[in-house]
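Right, one structure below, let's go through it.
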Amino acid sequence: MDRSDIQMSSTISLKGVKKLFERHAVIEDLNLQLKDGEFLSLLGPSGAGKTTILRMIAGLEYPDGGEIRIKSRDVSTVPPNKRNLGMVFQQYALFPHMTVWENVAYGLKARKLKKEMIKEKANKYLALTGLSELASRKPRELSGGQQQRVSLARALAIEPLVMLFDEPLSNLDARLKDQMLQEIHQLHQKLKFTAVYVTHDQNEALFLSDKIAVLNGGKIEQFDRPEMILSQPATAFVADFFGYTNTFASAILKDEHMVSISGVELPVGYTTETPGSSGIVKMRENGVNIVGNEEASGLEPSKAEKSIEAYVIEARYLGSETKLLLRLDQEGEHSFSVKIPQIIRPLPEIHSKINLLINADYVTFYLEE
Amino acid sequence: MIKNKKYYTIAGWLAALYFILLFLVPLLRMFTLSFFSEGKISFEYYTTIFTSPVYLRVLYRTLYVSFLVTGIGLVIGYAISYFISQKSEKQQKKWLILVLSPMFMSLTIRLFGWMMLLGQEGLINRVFSWLSPGKDGIPLLFSYTAVAIGIVHYCLPFIILNIYASLKRVDNALIEASLMLGESKVKTFWKVIFPLSLPGIFAAASISFALSASTFLVPLMLGGPNNLFVSNLAYNAIVNMGDYPQGAALSIVLLFIVVIVLSIISFFERRSRIA
Amino acid sequence: MLSKKSKLFYVVMCFAIFFILSPFLITVIASVAGSNMFHFPPEQFTLMNYKNLFQDEQLWQSVWLSFCIGVTATLLAVTIGITAAMGIVKGQLPMKNVIESFFMGPLIVPLVTVGISFLVFFSTFQAEGTIWSIILAHSVIISPYVTRIACANLRQSNEMLEEAAMMLGAGFWYMFRTVLIPSMLPSVISGAVLSFLVSMDEYTVTVFLAQVNTVTLPIRIYQYTTIDINPTITAFSAMIILLSFIGLIVLEKVFKIHKYMDF
């Protein structure tokens, strides 16, 4: 299919999708819409249901309720071979008895295309993924990164309506992962395919996606663009997943920009709650600095920053950062950890009192769950 | 995937249908045949088996020789398996192929070889009479001894295969740990290696007994007309006397003996696993 | 230097190996002996038996018959084995454990019992003694060797390959042909080779079904060694033994069969 005749509508739409596992709902009333050419990541911890959703879109599993539409066609119970979707698997899933070329041509042969057409397309996608020279090798002769690239070429070669990725990079080491991330991104820029990408790694999701759906316990916690998820995490779970790892319980929202924790006041960058409600505060480890250290840090004092006092429990170096374990009050009920992005010399003494600058953008407030 | 499951299920049912038609139905037909005498249900053929002294003697002999042979086979098989497992990886392969080679040879031809070896003028008797001149040697062929030798030779590869596999599974680190802790080699064998190889011994015992008790060709070729097993009696009943129900009953008794003994062995195996 | 104990062990092992190989050695010796084959030591050297061997039409007829039965029965057994494994491992059969044991049944039920049941069964259609009755009987008793190895193969096979094929647009049969069968092939072939060998050497069940015009090879060998004794059989046996050893070594070199030896 030529990509130009795909109209700009939602390519994928899930409505009220439900999935049971041993009579127990693992996914309930799931709704999701994705536009043509968009890159969506399904992000969440293991067991969040992200792979199940992907497999339902793929047709490897059927939903127990609701409907799945691809290009406005209801495919809820259409078998995978009739959906025209490309999938990249975590363990590559290359056919071991076929060469790289045969792997890439497999989907084209299954479609009974003409010989010249198969040749042309297979060679095109091998070239796009930089595999032309490896075409006659067997998968076992390739490295992990190369194998995943074959898997990518094989899925792209059928020119699918949607590309599906099932944690494709989790078997690669850190260096290869970065390289592949870059390549997938570039391919997406070039080919403008619609993609659903399952991962548990927020960095992959942030790097690749136009939209991210953060999943927890089979439910979507937030479905938004990466920058919105980073700056305005909708729930405490999302905040936690994206690095707001400090939690202060029993906080009271004073006004839209201020929260009080046992009498200590902190600035709040984002909340949807009304003043006066009590709940929890989430705070990032970075975006904090010690008063008197601003110049070195390069952080400019701004309106959004507020200075507070804290007591040192522990102070250690971590790479080129300094990691501090602190508490808001002397009793130590509200402890939290921060990372100062440079090596502070000398290390603050234990039990000493320091003044901290808090960046409001890195603090959020939620109701208790 | 959901649809594929259907195809797999259909495939399974097709195979099952083939087996029901050509394995289960024949067995059931034979089973019913053994319970009918002149159109009426009767246990006549079974009572004959358990009252006739000839049948009882053969039944006893079959069991006796099978147990004996299994015991002998286990001892020899264990020694060979242990010896092989102590060799280097490359050597193991060579030895294994050598000792297991009979499994790939025709049983009829092997037994023919034993006929020539055990005969009155065969190699073994020649060696005996050379060792003790004057005596004419013992007629080995066409005796239960010959049958026992033949069965050991028949079962040995299967025994070795099972015991060797279990010896290979014994973690070398455990043996080294035992030796490091100051146990002697002999004690290490009895306290570590042997108990860990028990599953292989039980498996070997099962297969060896099942093969021995139900063998037909070995007694036929090495036992001669007077040293039969139950299976030969069943054959004679059918082919020589045309008594189908009696043959069927005999072969069903044999089937039950095998199943019962295998169940007993697996009972002991489970108990040894718990202990 | 070897210790005394391991020297002893070596001696015992040599005896064991001699015991294992002795029937083969004696057969090879007897094949070139001019005297009565049951007489040792042989009195003269001769190739007479080998000369006669190639003129013995009866024997070669049996070889050809057994070969045909073996090939057909193996093809059937491979079909049974693959379909059974598909159902057991990936299908939705009730009481899978029972069904799996059922398919392994011919290894447990004494062959005499199986043989009699086939005789009873086929005689109801007056089909005993036909080549097809023997082929069908063999297909049942040799199929466990294929079923077992096919089950093991499917159990450790990668479900994802099948999913990948489907995602790429392959229907079940296309996937079956291009992915499932090729991935099962090496182990199924080794199971099939074993099945074929078992069929070629099957005596106990066959003897209940065979008639004058369906004398298979093992039955012929039995006849030549016990009933109408014919020394040609020594040459034939020696040849088979040599071929088997060569085949075994080749199989080991090509397929590493010692890894599959688990029956």
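The values are calculated or read from the model by the stated rules, or taken from the named source; none is laboratory data. Computed from a predicted model, the values in this text were never measured in an experiment. Ideal geometry is used to build each Cβ from the backbone, glycine not excepted, and the neighbour counts take in all protein chains shown.
The criterion of being touching a residue at least 12 places away in the same chain (Cβ under 8 Å), assigned to a helix (DSSP H, G or I) and either touching a His at 6+ places or on another chain (Cβ under 8 Å) or farther than 19 Å from B:Ala16 by Cβ (or both) does not hold for C:Val140.
Results for (1) assigned to a helix (DSSP H, G or I); (2) more than 17 Å from A:Val196 (Cα to Cα), shown as yes or no for each residue.
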{"residue": "A:Thr11", "(1), (2)": "no, no"}
{"residue": "A:Gly37", "(1), (2)": "no, no"}
{"residue": "A:Thr51", "(1), (2)": "yes, no"}
{"residue": "A:Gln90", "(1), (2)": "no, no"}
{"residue": "A:Tyr106", "(1), (2)": "yes, yes"}
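Picking from residues in the range C:194-215 that are more than 10 Å from chain B (Cβ to nearest Cβ) and in a loop (DSSP other than H, G, I, E, B), the one that is surrounded by the fewest Cβ atoms within 10 Å (Cβ to Cβ) is C:Val212. For the range C:90-106, the tally of residues that are of a type in the set (A, V, I, L, M, F, W, C) and more than 8 Å from chain B (Cβ to nearest Cβ) stands at 3. Of the residues making up the range A:314-348, those that are of a type in the set (Asp, Glu) and either over 28 Å from A:Ser260 (Cβ atoms) or surrounded by 15 or more Cβ atoms within 10 Å (Cβ to Cβ) (or both) number 2.
Is one or more of the residues making up the range B:248-271 modelled with pLDDT under 90, at the interface with chain C (Cβ under 10 Å from one of its Cβ atoms) and in a helix (DSSP H, G or I)? Checked against the condition, which is being modelled with pLDDT under 90, at the interface with chain C (Cβ under 10 Å from one of its Cβ atoms) and in a helix (DSSP H, G or I), the range B:248-271 yields no hits at all.
Looking only at the range B:11-33, decide whether some residue is surrounded by 13 or more Cβ atoms within 10 Å (Cβ to Cβ), in contact (Cβ under 8 Å) with a residue 40 or more places away in the chain and either of a type in the set (Phe, Trp, Tyr) or more than 13 Å from chain C (Cβ to nearest Cβ) (or both). Within the range B:11-33, one or more residues are surrounded by 13 or more Cβ atoms within 10 Å (Cβ to Cβ), in contact (Cβ under 8 Å) with a residue 40 or more places away in the chain and either of a type in the set (Phe, Trp, Tyr) or more than 13 Å from chain C (Cβ to nearest Cβ) (or both). With respect to the stated conditions, B:Trp95 is more than 26 Å from B:Ala213 (Cβ to Cβ) and either in contact (Cβ under 8 Å) with a residue 24 or more places away in the chain or assigned to a helix (DSSP H, G or I) (or both).
As a summary of the residue check, A:Thr272 satisfies the conditions (1) under 27 Å from A:Ile252 (Cα atoms); (2) surrounded by fewer than 16 Cβ atoms within 10 Å (Cβ to Cβ); (3) more than 30 Å from the chain's Cα centre (by Cα); (4) modelled with pLDDT of 85 or more except for the one numbered (3).
Among the residues examined, C:Val12 qualifies as in a helix (DSSP H, G or I), without any contact (Cβ under 8 Å) to a residue 12 or more places away in the chain and within 8 Å of chain B (Cβ to nearest Cβ). Contact map, the range A:92-121: first residue within 22 Å of A:Phe165 (Cα to Cα), second residue surrounded by fewer than 16 Cβ atoms within 10 Å (Cβ to Cβ) and among the acidic types (Asp, Glu), Cβ cut-off under 8 Å, separation 6 or more or different chains; the map is empty. Here is the figure for the range B:202-243: residues that are more than 11 Å from chain C (Cβ to nearest Cβ), over 11 Å from the mean Cα position of the chain (by Cα) and aromatic (Phe, Trp, Tyr) total 1.
Residues that are assigned to a loop (DSSP other than H, G, I, E, B) and either farther than 30 Å from C:Leu154 by Cα or within 14 Å of chain B (Cβ to nearest Cβ) (or both) are absent from the range C:67-75 altogether. For the range B:102-144, the tally of residues that are touching a residue at least 12 places away in the same chain (Cβ under 8 Å) and either at the interface with another protein chain (Cβ under 10 Å from one of its Cβ atoms) or assigned to a loop (DSSP other than H, G, I, E, B) (or both) stands at 22. Name the residues in the range B:1-28 that are modelled with pLDDT of 95 or more and out of contact with any Gly (no Cβ under 9 Å at 6 or more places or on another chain), would you? Of everything in the range B:1-28, those that are modelled with pLDDT of 95 or more and out of contact with any Gly (no Cβ under 9 Å at 6 or more places or on another chain) turn out to be B:Leu17, B:Tyr18, B:Ile20, B:Leu21, B:Leu22, B:Val25, B:Pro26, B:Leu28. For the range C:67-81, the tally of residues that are crowded, with 17+ Cβ neighbours inside 10 Å and either more than 19 Å from C:Gly191 (Cβ to Cβ) or touching an Asp or Glu at 6+ places or on another chain (Cβ under 8 Å) (or both) stands at 0. Residue count for the range A:227-256 under the criterion of being out of contact with any strand residue (DSSP E or B) (no Cβ under 6 Å at 6 or more places or on another chain) and surrounded by fewer than 16 Cβ atoms within 10 Å (Cβ to Cβ): the result is 8. Given the condition touching a residue at least 40 places away in the same chain (Cβ under 8 Å), surrounded by fewer than 16 Cβ atoms within 10 Å (Cβ to Cβ) and not in a strand (DSSP E or B), answer yes or no: does some residue in the range B:68-85 qualify? Scanning the range B:68-85 turns up at least one residue that is touching a residue at least 40 places away in the same chain (Cβ under 8 Å), surrounded by fewer than 16 Cβ atoms within 10 Å (Cβ to Cβ) and not in a strand (DSSP E or B).
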